[in-house]
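Quick notes on the structure that follows.
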Amino acid sequence: MIWSLIVGALIGLIPGAITNKGSSMGWIANILAGLVGSFVGQALLGTWGPSLAGMALIPSIVGAVIVVAVVSFFLSRMNH
């Protein structure tokens, strides 16, 4: 369980760095983005590629990028 949270946090940091939204989201949001992104990415793309703590890394990162982009989009719309 703890290992999954650590891997989820690392997966969540990558799209945060790519989209420049990671620092504003915080650690808890990065972990959630990583875990939810892992679920979304594996549901959409399958479980191919290297895996760590039961999460396929490449689909998980792609899913986390999607989650961060969608959440950022909706948060920016709510602030306007």
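Can you give the relative contact order of the chain as a percent, counting alpha carbon pairs under 8 Å and 6+ residues apart? Write out the running numbers ahead of the final one.
Details: 126 pairs, mean separation 25.8, N = 80.
Over the chain, the number comes to 32 percent.
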Stretched out fully, how many nm does the piece from ILE18 to ILE2 gain, at 0.36 nm a residue minus the Cα gap? 3.3 nm
At 1.4 Å probe size, with no ligands or nucleic acids counted, give the accessible surface of LEU45 in Å², nearest ten. 80
Would you please give the FRET efficiency between THR47 and SER76, computed as 1/(1 + (r/R0)^6) with r the Cβ-Cβ distance and R0 = 41 Å, to the nearest 0.05? 0.80
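Before I look further, what does the chain give for accessible area per residue, probe 1.4 Å, in whole square angstrom? Don't skip to the answer; put the middle values down first.
Details: 4960 Å² over 80 residues.
I get 62 Å² per residue for the chain.
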Of all the C-alpha pairs in the chain, what % are more than 17 Å from each other? 37
With DNA, RNA and ligands ignored, accessible area of VAL62 (1.4 Å probe; Å², nearest 10): 60
Accessible-area order for PHE74, PHE39, largest to smallest, probe 1.4 angstrom, reads PHE39, PHE74
Once every DSSP H run of n ≥ 4 in the chain is given -39500 (n - 2.57) and the sum is divided by its residues, what mean residue ellipticity at 222 nm do you get, rounded to the nearest 500 deg cm²/dmol? -28000 deg cm²/dmol
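The values are calculated or read from the model by the stated rules, or taken from the named source; none is laboratory data. Since the model is a prediction, treat every value here as computed from it, not as a measurement. In this analysis, Cβ positions are derived from the backbone assuming ideal geometry, glycine residues included, and neighbour counts consider all displayed protein chains. Calculation scope for accessible area: heavy atoms of the full protein, side chains included, ligands and nucleic acids excluded. Shrake-Rupley method; radii C 1.70, N 1.55, O 1.52, S 1.80 Å.
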